[in-house]
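K.L.:
Dumping the structure here so I can ask a few things about it.
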Amino acid sequence: GCINKLSFLIKAYPVPVADFSYYPENPLENRDEVYFTNNSKGDFQNDWSWLIFNDKDQASNEFNYSHLFKDAGTFNVLLITKNTFECSDSIIKTIKVDSDFSIFVPNTFTPNQDNKNETFIAVTRGVKFYNLTIFDRWGHIVFESEDTSIGWDGTFKGNPCINGVYVWKIKASSFNGSTKELNGHILLNK
């Protein structure tokens with residue numbers, strides 16, 4: 001029945017807890033810069049490392065970080081925080097960057113030679129394939145283009161079309177393969 005006691009002095013150091021948030025929550029490729037806010041908790045933090053996987057492995061040692069994603073996709077973002085005692089913690093969050101694939105179509109134009117609003121043209125972003133077709137009220141094609149920079153000037157075979165409502169259809173696809181088919185009407189008003 002021998003008993004022995006031994007005492008040790010143990011020094012415990014605080015451990016940081018890594019965390020971050022980002023804005024905007026649904027960024028668009030090559031358009032919205034994403035701002036990462038470091039929300040890590042714990043005393044004596046002195047070192048931070050950010051790493052974005054799958055985007056050429058972008059890295060930073062700033063406390064807060066911002067990044068413009070050039071491509072759409074899903075990216076893992078890593079934050080490692082350390083303190084002066086070399087204790088560390090890390091967190092990974094996944095961010096989804098949406099494709100910047102949009103089409104805006106006006107509803108009227110005035111080809112009257114005043115150099116204002118002379119051409120009907122859709123404003124597009126992120127479009128790889130594009131087809132615009134315009135029909136008169138009888139369903140005849142009066143204009144067609146596969147070039148986003150070429151719009152309708154209100155003529156058919158060189159002759160001015162009459163004032164009125166025309167129907168347009170657009171088929172488009174993005175660089176990542178998403179497609180859109182849109183249709184509507186345009187008022188030609190000279």
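What follows draws every value from the coordinates through simple rules; no lab data is involved. These numbers come from a predicted model, not from an experiment. Neighbour counts run over all protein chains shown; Cβ positions are idealised from the backbone, glycine included.
K.L.:
Spelling out what I want: for every residue of region 111-116, take phi, set θ = phi - 60°, compute 6.51 cos²θ - 1.76 cosθ + 1.60 (Karplus), and round to whole Hz; glycine and proline get x.
P.N.:
x, 10, 6, 9, 6, 10
K.L.:
Filter the chymotrypsin sites (Phe, Trp or Tyr not before Pro) in region 101-190 to those in DSSP coil with at most 11 other Cβ atoms within 10 Å of their Cβ, and list the result. Don't skip to the end; give the middle numbers.
P.N.:
Numbers: sites: PHE101, PHE104, PHE109, PHE120, PHE129, TYR130, PHE135, TRP138, PHE143, TRP152, PHE156, TYR166, TRP168, PHE175; in loops: PHE101, TRP138, PHE175.
The qualifying sites are TRP138.
K.L.:
Report the FRET efficiency, 1/(1 + (r/R0)^6), for ASP147 and PHE53, where r is their Cβ-Cβ distance and R0 is 35 Å, rounded to 0.05.
P.N.:
Approximately 0.40, to the nearest 0.05.
K.L.:
While we're on this one: Please list 3J(HN,Hα) in residue order for region 164-176, calculated via the Karplus relation 6.51 cos²θ - 1.76 cosθ + 1.60 where θ = phi - 60°; whole Hz, with x for glycine and proline.
P.N.:
x, 9, 10, 9, 10, 9, 10, 10, 8, 9, 9, 5, 9
K.L.:
Mind giving me the nanometre distance, one decimal, between the label points for ASP71 and ASP19, set 7 Å out from Cα along Cα→Cβ?
P.N.:
Going by the 7 Å Cα→Cβ label model, 3.3 nm.
K.L.:
So between SER7 and ASN117, what do we pick up on full extension, going 0.36 nm a residue minus the alpha carbon distance?
P.N.:
On the way: separation 110, 0.36 × 110 = 39.60 nm, distance 8.75 nm.
Contour length minus the Cα-Cα distance gives 30.9 nm.
K.L.:
Further question: How charged is the neighbourhood of GLY151? Take every other residue with its Cβ under 12 Å from the Cβ of GLY151, and add Lys/Arg as +1 and Asp/Glu as -1.
P.N.:
-4
K.L.:
Run the numbers for THR155 and LYS190: contour at 0.36 nm per residue of separation, minus the present Cα-Cα distance, in nm.
P.N.:
11.4 nm
K.L.:
Checking the table LYS41/LYS93; LYS128/LYS180; LYS157/LYS180; LYS157/LYS190; LYS70/LYS171; LYS93/LYS180 against a 20 Å threshold on Cα-Cα, which pairs fail?
P.N.:
LYS157/LYS180; LYS70/LYS171; LYS93/LYS180
K.L.:
Next question. Report the net charge of residues surrounding LYS190, where surrounding means a beta-carbon distance below 15 angstrom and charges are Lys +1, Arg +1, Asp -1, Glu -1.
P.N.:
-2
K.L.:
Using θ = phi - 60° and the Karplus form 6.51 cos²θ - 1.76 cosθ + 1.60, what ³J(HN,Hα) does each residue of region 121-137 get, whole Hz, x for Gly and Pro?
P.N.:
8, 7, 9, 10, 9, x, 9, 9, 10, 8, 9, 10, 10, 10, 10, 7, 5
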